[in-house]
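Everything below concerns the one structure shown next.
The values are calculated or read from the model by the stated rules, or taken from the named source; none is laboratory data. If you're wondering where the values come from, they're calculated on a predicted model, not measured in any experiment. Backbone-built Cβ (ideal geometry, glycine too); neighbour counts: all protein chains shown. Only protein heavy atoms, including side chains, enter the accessible area calculation; ligands, DNA and RNA are left aside. Shrake-Rupley method; radii C 1.70, N 1.55, O 1.52, S 1.80 Å.
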Amino acid sequence: AMAARRDVVPLLLLLLCTLSSFPSSIIARTLTLSHLRSNHPSEQPWRSHESASVNTSIPSILKENGLPIGLLPSSVESYDLSSDGSFTVSLGTSCYVMFDYEVYYSQTITGKLSYGTISNLSGIQAKQALVWFSVTGIRVDIPLSDYIYFNVGPISKKLSISQFEDVPTCKSKAR
């Protein structure tokens, strides 16, 4: 009975999409995530850990938008991406990654994605000279160059894009 109920939820969401003005892109992502949450082995072609497929999607979305895949850590559990590019990413827990600077990722990260740019960013901070600064935007050159730019407060920091080529693993504590 439980498996049958899980199969009905995506159909109901699809019916809602058809009968209402609810954005189909949100329905499609909800359908994908509800399928990921299924515990029935035959319905889940991925590993049983929910974030495995979500993490495959996040790098793809970043790459499709001209950004390096290593901007977000591997601990992403879920995300919402609307048709206007606004997004919310949920991590299992807040964590730290070491690039040229130590970076803190809060449990919830929000922003707006467009080609080559993430704006209105919140939930990411970078440490410089013992002080944490909020990262409010990220952009790359179009056409792509060897650099990526981070807006940290009123300042733009230019870093080598090569350190963001792989999806980083988060640490629970700062170094």
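For the subset of the range 86-127 comprising residues that are of a type in the set (V, I, T) and over 15 Å from F150 (Cβ atoms), which member is modelled with the lowest pLDDT? Here the residue is T93. Only residues that are surrounded by fewer than 14 Cβ atoms within 10 Å (Cβ to Cβ) and among the aliphatic types (A, V, I, L, M) were counted in the range 128-167, giving 6. Taken over the range 58-69, the criterion of being surrounded by fewer than 17 Cβ atoms within 10 Å (Cβ to Cβ) and of a type outside the set (A, V, I, L, M) is satisfied by S60, K63, E64, N65, G66. The listed residues are Q125, Q107, and the only one of them that is out of contact with any Asp or Glu (no Cβ under 7 Å at 6 or more places or on another chain), without any contact (Cβ under 8 Å) to a residue 24 or more places away in the chain and crowded, with 17+ Cβ neighbours inside 10 Å turns out to be Q125. Limited to the range 75-104, what total is found for residues that are closer than 20 Å to G137 by Cβ, part of a loop (DSSP other than H, G, I, E, B), of a type in the set (S, T, Y) and open to solvent by 40 Å² or more (accessible area, probe 1.4 Å)? Final tally of qualifying residues: 1. Inclusion of Y149 among residues that are in contact (Cβ under 8 Å) with a residue 24 or more places away in the chain and part of a strand (DSSP E or B) is not warranted.
Of the residues that make up the range 54-65, is at least one farther than 24 Å from D141 by Cα, modelled with pLDDT under 95 and small (G, A, S)? No: the range 54-65 contains no residue that is farther than 24 Å from D141 by Cα, modelled with pLDDT under 95 and small (G, A, S). Counting the residues of the range 110-122 that are among the small types (G, A, S) and either open to solvent by 70 Å² or more (accessible area, probe 1.4 Å) or outside any strand (DSSP E or B) (or both) gives 1.
Looking at (1) open to solvent by 40 Å² or more (accessible area, probe 1.4 Å); (2) within 16 Å of Q163 (Cβ to Cβ); (3) within 16 Å of the chain's Cα centre (by Cα); (4) at pLDDT 95 or above, find the lone condition where L72 falls short. With respect to (1) open to solvent by 40 Å² or more (accessible area, probe 1.4 Å); (2) within 16 Å of Q163 (Cβ to Cβ); (3) within 16 Å of the chain's Cα centre (by Cα); (4) at pLDDT 95 or above, L72 is out only on (1).
When the residues of the range 105-134 are filtered to those that are out of contact with any Gly (no Cβ under 9 Å at 6 or more places or on another chain) and of a type outside the set (S, T, N, Q), which remaining residue is nearest to G85 (Cα to Cα)? Looking at residues that are out of contact with any Gly (no Cβ under 9 Å at 6 or more places or on another chain) and of a type outside the set (S, T, N, Q), I get A126. The one condition from (1) closer than 23 Å to C170 by Cα; (2) part of a strand (DSSP E or B) that S156 does not meet is (1).
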